[in-house]
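Novice: I'd like to ask you about the structure that follows.
The values are calculated or read from the model by the stated rules, or taken from the named source; none is laboratory data. Quantities reported herein were computed from a predicted structural model and do not represent experimental measurements. Glycine gets a Cβ as well: all are built from the backbone with ideal geometry, and neighbour counts include every protein chain shown. These accessible areas exclude ligands, DNA and RNA; they are computed on the full protein's heavy atoms, side chains included. Shrake-Rupley method; radii C 1.70, N 1.55, O 1.52, S 1.80 Å.
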Amino acid sequence: MGIRFILMVNKQGQTRLAQYYEYLTLEERRALEGEIVRKCLARNEQQCSFVEHRNYKIVYRRYASLFFLVGVDNDENELAILEFIHLLVETMDRHFGNVCELDIMFHLEKAHFMLEEMVMNGCIVETSKTNILQPIQLMEKTS
Amino acid sequence: MASTTSSIMDTLFQRTLEDLIKGLRLQIIGESAFISKALDEIRREIKSTDSHTKSNALQKLSYLSSLHHFDMSWAAFHVVEVMSSSRFSHKKIGYHAASLSFSDSTPVLLLITNQLRKDLTNPNNEFEVSLALECLSRIATTDLCRDLTPEIFTLLSSTKIFVRKKAIALVLRVFEKYPDAVKVCFKRLVENLDSTDPHIVSAVVGVFCELTSNDPKSYLPLAPEFYRILVDSKNNWVLIKMLKIFAKLVLLEPRLAKRIVEPVCEHMRRTGAKSLMFECVRTVVSSLSDYEEAVKLAVVKIRELLLDDDPNLKYLGLNALSIVAPKHLWAVLENKEVVIKWLSDEDPNIKRESLRLVMAMVSENNVVEICRVLVNYALKSDPEFCNEILGSILSTCSRNLYEIVNDFDWYVSLLGEMSRILHCQQGDEIENQLIDICMRVRDVRPELVRVGRDLLIDPALLSNHFLYRILSAAAWVSGEYVEFSRNPFELIEALLQPRTNLLPPSIRAIYIQSAFKVLIFCLHSYLLQRESTASSYPDTSALSELASKREMPEGSDSATFKAPSHSEQDEVFNPRVSNQSFEELSVGNGGDRTISHGQTSTPVTSENSFTYEAVVNHLNLIELALGPLTGSHDVEILERVRNLLCFIELIKGEVLESLVQKEENLNSAEMKSSKIIKLMSDAFSEELGPVSVSAQERVPIPEGLVLKENLNDLEMICGDIQLPSSISFSLVSNHYEEGVGASLPDLQSKEELEPPSEATSLLAEHRKRHGLYYLSSEKNDIVANDYPPANDPKLRDNQNNDTEDLVKLTEQLLVSKKRPNQAKPRPVVVKLDGDVVPVSAKRPGPKDDSLSGAVQEVLLGSDTRTSTSRSNPSDKSSSKRKGKEKLITDPSFELNDNLGDAEKLDHENPSSRRSKHRTHGKERRHKSPGKIREEREENGQKEKKKSSHRHARHKTRQRADVPLNVVSETPVIPDFLL
């Protein structure tokens, strides 16, 4: 499973979105998020975006006040994951219009919905912004 | 009635998720209080009969669980209720909650099978289908997969792309949980590879990438399809996945490499996307490293990455270099400057990568320079990275018994230098290496003693608790090899300095014991010196005289001197004598050795040092320093202090007296104290040698010896005694074995020479009767040939010397021009059989044998035959074999039977598969004898199937080496000594 989890964490270390593609208990999740946040948020802009953690890698990228952290298997292509993060941000930007942390907080279910369109079972299945947003727009229209 | 009103009230005044989030942000009453209040509300609301209220409550609960880690397993049943809601928006909340909170052990999973089936087959709403697929991909269990396989199969050829791609991604989990689904779904999955829709191809390639990474062998037959996608696809994401697949496949089938190397290079040259370019580079360096041109191109690209300003690319460049390093070191050397430059990068990850690379460059030619550079970096670095540097120096230099270290004097002083670095926390490792080197490398001991002295004498070091282990090693070395010391009295002072009270008791005990050894040495030297000055050679320096005397043991001379002749007798039984020149003997050769190493110490100074005053002073010093410790609470300290003080008590009187009588009673070597001193000195000069860890295993177990008796009672008594941790050798005096070795030939020769007297005939009689308890004298030689006694220094050193000589010779021939500066040859490093066991990391076998088996069945088309065995897992292996046989006869098979054979061998025995990585090449090579052998092997394999895994692995290796004697190997004796 290429992607193991996707986290969005703000500058203060509060988790804003957590999506796991393997089952972890709540305790494991709490510990993992704590460790990762400590590791990644301490790094500065001049340092690289890849951190080895336990038996996998974390590829992260910061947009404004929000860190996007993706845990991937060791042989995953780091640069491709960076591109994936960028695509995710662009997609949300297109939907929310100048997306910010609050958008994700108050529309968590939409953010999840987009992720579900993009990633399934740890594999990236959709990379077209239009296709990703289509179901959400349809849903908004009907409700 | 009351419940309905309350539910209406709930609905009207229920907090929405948005309210909850707002409340959390305001935090008027504190987060935890607010959340617990909210949870109380949720508990109430979720029981509501109104579906809106219920789903809303569940949504809030999911939020709190996902982001604030609150348990929601108690609401599992409510999740199921919401999932079955008819409104999509509620259903969505339910499904999301399920995929968030359900695990394999959630009991209500049994209830959702029908709901999922209903949603999966919903013809009108593809979004509901998608919800169910998404949820399944996270929570599917074996049962769910088995029950829903038909529905998923249908969806795999759905006309709606939106649904089909999700079904494809789900298949990955279904295969993992329920391998039998392969028989149903695999063909359709493969068909999707040919789809014209890029989304479908992308999804299916992702699935195959994951499948291949777990078990590449099963997917080799799909190589043509993969190749087509690799060449045709324009989608970078797909190409990256494809490259990952081929990186795995190529390792199994070299001919594939030839085909793909060109397309890969083409992509590398033409693509503008760094991610794809890097993937090409990684594929080339990891899997196509035999193709010179491709590697060269990749190295050019790596260099571009290394020189880029982007830290990400820098890191990846270093990463790729470290993959290429083992096979193409030139690539690293070419970029040496850059790599070393990044050692001081501000990103610890980049620093670590470049450190790894620098260590990969180390060879015996440059180890000195590189270590110099690294130690300088360590001095400048933060504590963490400093220790990483030191750790990697230590592990690299000690690799394979200090393979790359030629100059041990240098290395030992480097160890000393490293200990003094402020942040050094490598005490344990340095301690181990100091002692290890001391045991193995005889020539380095003088330098080691010097380094140890420098460490011991510095009172500042005693305040750094990271250094205690190193100091204990230094203390031990100084005590054990005190004869190399320039000034033993100085050592006594250092070992007893007041600040040693900072040391932990265990290490302090070592200090005291070492002081004891040094003292004995001093006293002994003092005695020898006195005797020799009183002898017929008063004009020469005493110690060197003694040493020279031992080199030429002329009978007349030695007879007059009791002490030297005594030690001569010692030497006959001394292990060192048998294989070492006399020069390297213990006492009195200190001067010679130090001179030969170009140090300033001269015999004159050592002569002067053992004056009467010095001895008495130091006896007093010891008494003074250790006196207070007789009340110590630590037994180790107490014991040693008592020993030492009692010893001083014993000799002090007579030593003082001897001064008075000095002139008259010169020949009073019979003096009690000098006898004691000699005795002690002999005891301490006994050499400690390394013993192979496997030495014990070589001793045959005598008949009648019960080793497996239940000793539980013992455990109760001494349960708290801990077993010693695994040290690579144990410190055991080799005196015992020496004694046996020396006395045996002695006995034999006597038997041969003397006519059998009554005593010997009695002995022979006894021997005959109790032959069991004697070492068999006749077979001794043969046995020795087979299993050299672990600690037989003669044998060991001879072998070593031979090989060393050869090595030296070739070295001189080859390298003499290249390295004229290497002044001295590499000293002998004692090696034991048990030492170098090349432990190749065991790769875990593919975890789902049943999955790969199923995949292969489907791919190689033997469904009809195996259908009977479907329900019987024990038949699986046989059905697999049938599949294989068909494969060999199948002419249409792409990669012909060469591959088939190799696969077949690997598949005969599930356990033999583990050894595949090691034996693959060999099996390929031995292929030619053909099918007869395979048949035999199959028989052999069947018979041995039940033997242990370890055994089977051993067999596989043997089979590869000696193909034809498999059948004769039937007696199954597990070889635990391997």
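Novice: Those residues that are in contact with a Cys (Cβ under 9 Å, 6 or more places away or on another chain) and in contact (Cβ under 8 Å) with a residue 24 or more places away in the chain, I need them from region B:271-287; list them, please. Give the derivation first.
Specialist: The first filter runs over region B:271-287 and keeps only residues in contact with a Cys (Cβ under 9 Å, 6 or more places away or on another chain), leaving B:271, B:280, B:284.
Across region B:271-287, the qualifying residues are B:Thr271, B:Cys280.
Novice: Name every residue in region B:53-83 that is within 13 Å of chain A (Cβ to nearest Cβ), in a helix (DSSP H, G or I), open to solvent by 40 Å² or more (accessible area, probe 1.4 Å) and not polar (S, T, N, Q), in order of residue number.
Specialist: Those that are within 13 Å of chain A (Cβ to nearest Cβ), in a helix (DSSP H, G or I), open to solvent by 40 Å² or more (accessible area, probe 1.4 Å) and not polar (S, T, N, Q): B:His68, B:Trp74.
Novice: So B:Glu346 clears everything in (1) facing chain A (nearest Cβ under 9 Å); (2) at pLDDT 90 or above; (3) open to solvent by 70 Å² or more (accessible area, probe 1.4 Å) except one condition, right? Which one?
Specialist: Exception for B:Glu346: condition (2).
Novice: Here is a further query. So which of A:Val99, A:Val89, A:Val125, A:Val119 is within 12 Å of the chain's Cα centre (by Cα) and either small (Gly, Ala, Ser) or surrounded by 20 or more Cβ atoms within 10 Å (Cβ to Cβ) (or both)?
Specialist: Working: A:Val99 fails: within 12 Å of the chain's Cα centre (by Cα); A:Val89 fails: either small (Gly, Ala, Ser) or surrounded by 20 or more Cβ atoms within 10 Å (Cβ to Cβ) (or both); A:Val125 fails: within 12 Å of the chain's Cα centre (by Cα).
Result: A:Val119 is the single residue among A:Val99, A:Val89, A:Val125, A:Val119 that is within 12 Å of the chain's Cα centre (by Cα) and either small (Gly, Ala, Ser) or surrounded by 20 or more Cβ atoms within 10 Å (Cβ to Cβ) (or both).
Novice: While we're on this one: A:Glu22 is checked against (1) facing chain B (nearest Cβ under 10 Å); (2) exposed (fewer than 15 other Cβ atoms within 10 Å of the Cβ); (3) not in a loop (DSSP other than H, G, I, E, B) and fails just one. What number does that condition carry?
Specialist: (3)
Novice: Show the residue pairs that are 6+ apart or on different chains and have beta-carbon atoms under 6 Å apart, the first residue being within region A:103-125 and facing chain B (nearest Cβ under 9 Å) and on the phi > 0 side of the Ramachandran plot, the second being of a type in the set (D, E, K, R) and not in a loop (DSSP other than H, G, I, E, B).
Specialist: Between residues of region A:103-125 that are facing chain B (nearest Cβ under 9 Å) and on the phi > 0 side of the Ramachandran plot and residues that are of a type in the set (D, E, K, R) and not in a loop (DSSP other than H, G, I, E, B), the close pairs are A:Asn121/B:Arg173.
Novice: Let me ask something additional. Which one of these is assigned to a helix (DSSP H, G or I) and either over 17 Å from B:Ile637 (Cβ atoms) or modelled with pLDDT under 90 (or both): B:Ile520, B:Ile510? Give the steps one after another, and end with the answer.
Specialist: On the way: B:Ile510 fails: either over 17 Å from B:Ile637 (Cβ atoms) or modelled with pLDDT under 90 (or both).
Exactly one residue qualifies, and that residue is B:Ile520.
Novice: Quick check on region A:7-16. Is at least one of its residues assigned to a helix (DSSP H, G or I), under 22 Å from B:Ile139 (Cβ atoms) and within 11 Å of chain B (Cβ to nearest Cβ)?
Specialist: Quick first cut of region A:7-16, residues assigned to a helix (DSSP H, G or I) only: none.
Checked against the condition, which is being assigned to a helix (DSSP H, G or I), under 22 Å from B:Ile139 (Cβ atoms) and within 11 Å of chain B (Cβ to nearest Cβ), region A:7-16 yields no hits at all.
Novice: Can you tell me which residue in region A:60-85 is farthest from the other protein chains (Cβ to nearest Cβ), limited to those that are surrounded by 17 or more Cβ atoms within 10 Å (Cβ to Cβ) and assigned to a loop (DSSP other than H, G, I, E, B)?
Specialist: The extreme case among them is A:Glu76.
Novice: Which of (1) out of contact with any strand residue (DSSP E or B) (no Cβ under 7 Å at 6 or more places or on another chain); (2) buried (at least 19 other Cβ atoms within 10 Å of the Cβ); (3) at the interface with chain B (Cβ under 9 Å from one of its Cβ atoms); (4) of a type in the set (S, T, N, Q) does A:Gln46 not meet, given it meets every other one?
Specialist: (2)
Novice: I would also like to ask the following. Here are A:Glu27, A:Glu33: which of them is buried (at least 17 other Cβ atoms within 10 Å of the Cβ), at the interface with chain B (Cβ under 9 Å from one of its Cβ atoms) and charged (D, E, K, R)?
Specialist: Numbers: A:Glu27 fails: buried (at least 17 other Cβ atoms within 10 Å of the Cβ).
Within the list A:Glu27, A:Glu33, the selection yields A:Glu33.
Novice: Among the residues of region B:213-234, is any under 23 Å from A:Asn74 (Cβ atoms), facing chain A (nearest Cβ under 9 Å) and open to solvent by less than 10 Å² (accessible area, probe 1.4 Å)?
Specialist: No, there is no match, as no residue in region B:213-234 is under 23 Å from A:Asn74 (Cβ atoms), facing chain A (nearest Cβ under 9 Å) and open to solvent by less than 10 Å² (accessible area, probe 1.4 Å).
Novice: Now, a different point. Is it fair to say B:Lys341 is in a helix (DSSP H, G or I), open to solvent by 10 Å² or more (accessible area, probe 1.4 Å) and within 12 Å of chain A (Cβ to nearest Cβ)?
Specialist: Working: in a helix (DSSP H, G or I): yes; open to solvent by 10 Å² or more (accessible area, probe 1.4 Å): yes; within 12 Å of chain A (Cβ to nearest Cβ): no.
So B:Lys341 does not fit the description; no.
Novice: Follow-up. Only residues that are under 54 Å from the mean Cα position of the chain (by Cα), open to solvent by less than 80 Å² (accessible area, probe 1.4 Å) and over 27 Å from A:Leu24 (Cα atoms): list them for region B:8-52, please.
Specialist: The answer is B:Gly23, B:Gly30.
Novice: Could you check region B:301-327 and list, in sequence order, the residues that are open to solvent by 20 Å² or more (accessible area, probe 1.4 Å) and either away from every other protein chain (no Cβ under 14 Å) or among the acidic types (Asp, Glu) (or both)?
Specialist: Residues satisfying the conditions are B:Arg303, B:Glu304, B:Leu307, B:Asp308, B:Asp309, B:Asp310, B:Pro326, B:Lys327.
Novice: Could you go through region B:121-131 and let me know if any residue there is closer than 25 Å to B:Leu851 by Cα and of a type outside the set (S, T, N, Q). If you could, list the steps in order and put the result at the bottom.
Specialist: Start the filter on region B:121-131 by keeping residues that are closer than 25 Å to B:Leu851 by Cα, which leaves none.
Within region B:121-131, not a single residue is closer than 25 Å to B:Leu851 by Cα and of a type outside the set (S, T, N, Q).
Novice: Let me ask another. If the requirement is being surrounded by fewer than 15 Cβ atoms within 10 Å (Cβ to Cβ) and within 10 Å of chain A (Cβ to nearest Cβ), which of these qualifies: B:Ser99, B:Ser105, B:Ser86?
Specialist: On the way: B:Ser99 fails: surrounded by fewer than 15 Cβ atoms within 10 Å (Cβ to Cβ); B:Ser86 fails: within 10 Å of chain A (Cβ to nearest Cβ).
Of the residues listed, the single one that is surrounded by fewer than 15 Cβ atoms within 10 Å (Cβ to Cβ) and within 10 Å of chain A (Cβ to nearest Cβ) is B:Ser105.
Novice: Testing B:Asp290 on (1) surrounded by 20 or more Cβ atoms within 10 Å (Cβ to Cβ); (2) under 32 Å from the mean Cα position of the chain (by Cα); (3) not hydrophobic (A, V, I, L, M, F, W, C), one condition comes back false. Which one is that?
Specialist: B:Asp290 satisfies every listed condition except (1).
Novice: Do you know which of the residues in region B:143-196 that are closer than 17 Å to B:Ser218 by Cβ and of a type in the set (Val, Ile, Thr) is surrounded by the most Cβ atoms within 10 Å (Cβ to Cβ)?
Specialist: B:Val171
Novice: Considering B:Glu369, B:Glu353, which residue is part of a helix (DSSP H, G or I) and within 14 Å of chain A (Cβ to nearest Cβ)? Spell out how you get there, then give the answer.
Specialist: On the way: B:Glu369 fails: within 14 Å of chain A (Cβ to nearest Cβ).
The match here is B:Glu353.
Novice: Among the numbered conditions (1) under 19 Å from B:Leu851 (Cβ atoms); (2) among the hydrophobic types (A, V, I, L, M, F, W, C); (3) facing another protein chain (nearest Cβ under 10 Å), tell me where B:Phe153 comes up short.
Specialist: Among (1) under 19 Å from B:Leu851 (Cβ atoms); (2) among the hydrophobic types (A, V, I, L, M, F, W, C); (3) facing another protein chain (nearest Cβ under 10 Å), the lone unmet condition for B:Phe153 is (3).
Novice: Related question: Could you please find all residues in region B:114-140 being surrounded by 20 or more Cβ atoms within 10 Å (Cβ to Cβ) and more than 10 Å from chain A (Cβ to nearest Cβ)?
Specialist: B:Leu116, B:Asp119, B:Leu120, B:Val129, B:Ala132
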